[in-house]
1. Return the residue satisfying two criteria in turn: it lies in the range 82-115 and is part of a strand (DSSP E or B) and over 14 Å from the mean Cα position of the chain (by Cα), and of such residues it is surrounded by the fewest Cβ atoms within 10 Å (Cβ to Cβ).
2. For residues that are on the phi > 0 side of the Ramachandran plot and open to solvent by 40 Å² or more (accessible area, probe 1.4 Å), tally how many sit in the range 68-81.
3. Before we move on, is ILE46 touching a Pro at 6+ places or on another chain (Cβ under 7 Å), under 22 Å from ASN20 (Cβ atoms) and either modelled with pLDDT of 95 or more or not charged (D, E, K, R) (or both)?
4. For the range 68-81, give me the residue count where each residue is part of a loop (DSSP other than H, G, I, E, B) and farther than 18 Å from PRO30 by Cβ.
5. Considering only residues that are assigned to a helix (DSSP H, G or I), on the phi < 0 side of the Ramachandran plot and open to solvent by 40 Å² or more (accessible area, probe 1.4 Å), which ones fall in the range 22-67?
Amino acid sequence: SGLVVYKPRNVTIGNNVSININCTLQAHAPITIGDFTLIAANCLVITANHDLEKRGLDAFYTLEKRAVAIGSECWLGTGVIVLPGVTIGDATVVGAGSVVTHDLPSDKICVGVPARPVRNRPGP
């Protein structure tokens with residue numbers, strides 16, 4: 001199926017961005033996607049989590065919201081999950097199935113769970 005965007009007013013998408021099928025942008029907090037970024041199928045960008053210190057209805061109704069920024073000229077492979085509060089630097093590639101739990105620098109190829117840089121991205 002298509003793209004699911006929760007709270008689209010919190011999403012800013014640059015020019016020439018491609019977002020493939022079955023992706024979800026859960027924008028309780030702002031999500032920013034830079035120009036020329038490619039997002040493959042089945043990716044999730046999440047901006048909120050429940051507070052682990054809360055229980056019962058407090059846990060149900062309390063969200064910790066943190067913005068996500070994905071730079072320009074990034075590539076997110078199939079099935080990438082980007083968690084709340086993360087910034088992905090410009091021109092960074094995140095390999096298929098990776099989980100981005102913390103900020104990633106620019107111009108890197110990053111893979112794994114959690115995603116981490118493994119080499120520089122070749123340049124033009």
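1. The initial filter retains those residues of the range 82-115 that are part of a strand (DSSP E or B), namely 82, 87-88, 93-94, 99-100, 104, 108-111.
The next check asks that each one be over 14 Å from the mean Cα position of the chain (by Cα); those that pass are 108-109.
Numbers: LYS108: 20, ILE109: 17.
Looking at the filtered set, the residue picked out is ILE109.
2. So the first thing to find is which residues in the range 68-81 are on the phi > 0 side of the Ramachandran plot, and the list is 73, 79.
Those left that are additionally open to solvent by 40 Å² or more (accessible area, probe 1.4 Å): 73.
Matching residues across the range 68-81 total 1.
3. Working: touching a Pro at 6+ places or on another chain (Cβ under 7 Å): yes; under 22 Å from ASN20 (Cβ atoms): yes; either modelled with pLDDT of 95 or more or not charged (D, E, K, R) (or both): yes.
Spelling it out, ILE46 is indeed touching a Pro at 6+ places or on another chain (Cβ under 7 Å), under 22 Å from ASN20 (Cβ atoms) and either modelled with pLDDT of 95 or more or not charged (D, E, K, R) (or both).
4. Step one: filter the range 68-81 for residues part of a loop (DSSP other than H, G, I, E, B), giving 71-74, 77-80.
Those still in the list that are farther than 18 Å from PRO30 by Cβ too: 73, 77-80.
So the answer is 5.
5. So in the range 22-67, the residues assigned to a helix (DSSP H, G or I) come out as 56-61.
Then keep just the ones that are on the phi < 0 side of the Ramachandran plot; that gives 57-61.
LEU57, ASP58, PHE60, TYR61, listed by residue number.
The values are calculated or read from the model by the stated rules, or taken from the named source; none is laboratory data. The structure presented is a predicted model; accordingly, all values stated were derived computationally and were not measured. Don't worry about glycine lacking a Cβ; one is built from the backbone with ideal geometry, like all the others, and counts go over all protein chains shown. These accessible areas exclude ligands, DNA and RNA; they are computed on the full protein's heavy atoms, side chains included. Shrake-Rupley method; radii C 1.70, N 1.55, O 1.52, S 1.80 Å.
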